[in-house]
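Throughout, read-outs are computed from the coordinates displayed, never taken from laboratory work. Just so it is clear, the structure is predicted and the values come from calculations on it, not from any experiment. So basically every Cβ, Gly included, is an ideal-geometry build from the backbone, and we count neighbours across all protein chains shown.
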Amino acid sequence: MTASLKNWSGNYTYGTQNLHTPYTVEQLQNLVLQYPEIKCLGSRHSFNGIADSTENLISLQHLNRIVSLDQERMTVTVEAGIRYGELCKVLNREGFALHNLASLPHISVAGAVATATHGSGVRNGNLATAVSAMEIVTALGEKICLSREHDKEVFKGMVVGLGGLGVVSQLTLDLLPTFTMKQTVYENLSMTQLRANFDEIVSSAYSVSLFTHWQNENFTQVWIKSLVEENPHETASVEATSEWFGATLATRPRHPLPDMSAENCTEQGGVPGAWFERLPHFRMEFTPSRGEELQSEYLLPRAHALSALEAIQQIGEQIAPLLLVSEVRTVAADTLWMSPCYKQDCIGIHFTWKPKWDAVKKVLPLIEAQLEPFDARPHWGKLFTMSPSRIQSLYPKLPDFRRLLEEYDPQGKFRNEFLETYLGEKC
């Protein structure tokens, strides 16, 4: 008997085992034309049904090549199935970099873009903000190309497409010159220090992540990813101060989860390395994070950060027993219609849960109630219990996005229960 098709962590079972894996865009076009209902999977890192179908699924795992590298324009065009870890090695070798990466390099570029997945940094937009052009296979099996330069406002609605506008087959990403970074970890940052110095703390480096278990007012770890001006080939450890805003320098490499070895984490201790070996939390060659887990995340205006963190702290006793770890990151505002960071600088409050869904789904409404005054938006690819009407009220461009869905997919070939529920039945 064929095993059920599951997502990366094993918490979600897809509604069909009809999985198609085209090797060419032409094969992809034929599949889209052939079936009345079909959805595209990325690297299966979503924890909910956003990419599910009861009829047919497509994986672009074989469409994973670099199409072209334009050194003059500083862009790279890739097939949609390529993973960040694979792409970054080539870019770095050619002298280029992406502006930011998620904590896992294992995820596919197209999947991350479609769900507005992000890294951290007050000046860094989510991963979708790097997209300057895209190729999409529409419901009619036609291949169309759109760009930031030529399609202006419509393009802003297409990039974070939630899989509803067609199957993205290629993406063009903006590049930077390659750069060197170092990563330093501090332990036990107090809420008192965070209250007094929040903006300075989260702005102190290229990327800053705060970890906590909500068991007290301390943040157990702070991961600081800084630019390095020294020789990019330097390998000696870079000195860091023993104390930072009252937090103490970690004496050995750390994993965000206290019971896990740091072996699968990117190198710490202030050792300089390439951007793609420091921006993620986890190395490409190892099993990411814990594996068997659940995830939720809520993004809200950075101006409300301290009030929101204090609101979550109030229900820490209910959260802590189910939690593996929680992470707080910053994300810069963007202009992408369905991005949680649309026109607002954000913080993301992320929860990595033990695989106990029956218990977690009782805690999520408590978190959502605490964050409701701050208009928190859930990450599209993670677990939440927020009502569809509430989510719809948080996206001012949703009516325009519905019109795009009707224009590009009038018969609803790419829609599913998740999209119909959270975008509205008339989407």
Gaussian network model of the chain, Cα within-10 Å springs - most flexible of Lys152, Lys39, Lys343: Lys152
Whichever aspartates and glutamates have a C-alpha closer than 15 Å to that of Lys39, once near sequence neighbours (fewer than 8 apart) are set aside: Asp52, Glu55, Asp409, Glu417, Glu420
Above-threshold pairs, the threshold being 30 Å between Cα atoms, out of Lys89/Lys356; Lys225/Lys397; Lys362/Lys413; Lys6/Lys413; Lys343/Lys382; Lys143/Lys182: Lys89/Lys356; Lys225/Lys397; Lys362/Lys413; Lys143/Lys182
Additional length obtainable on full extension of the chain from Leu140 to Ile66, 0.36 nm per residue less Cα span: 24.1 nm
Nearest-ten-degree value, helix 191-202 long axis tilted from longest Cα axis of the chain: 60
Local net charge near Arg44, Cβ-Cβ under 11 Å (Lys/Arg +1, Asp/Glu -1): 0
For the stretch 45-59 and the stretch 332-353, distance of Cα centres in Å: 23
Within a Gaussian network of the chain (alpha carbon springs, distance under 10 Å), most fluctuating of Ser242, Ser103, Ser339: Ser242
Net lengthening on full extension, Lys361/Arg195 (0.36 nm per residue, minus Cα-Cα): 56.8 nm
Helix-only mean residue ellipticity at 222 nm for the chain, each DSSP H run of n ≥ 4 adding -39500 (n - 2.57), per residue, nearest 500: -6500 deg cm²/dmol
Angle in degrees between helix 25-34 and the longest Cα principal axis of the chain, rounded to the nearest 10: 60
Rounded Å value of the spacing that divides the Cα centres of the stretch 196-216 and the stretch 136-195: 24
Gap separating the Cα centres of the stretch 402-419 and the stretch 371-389, nearest whole Å: 22
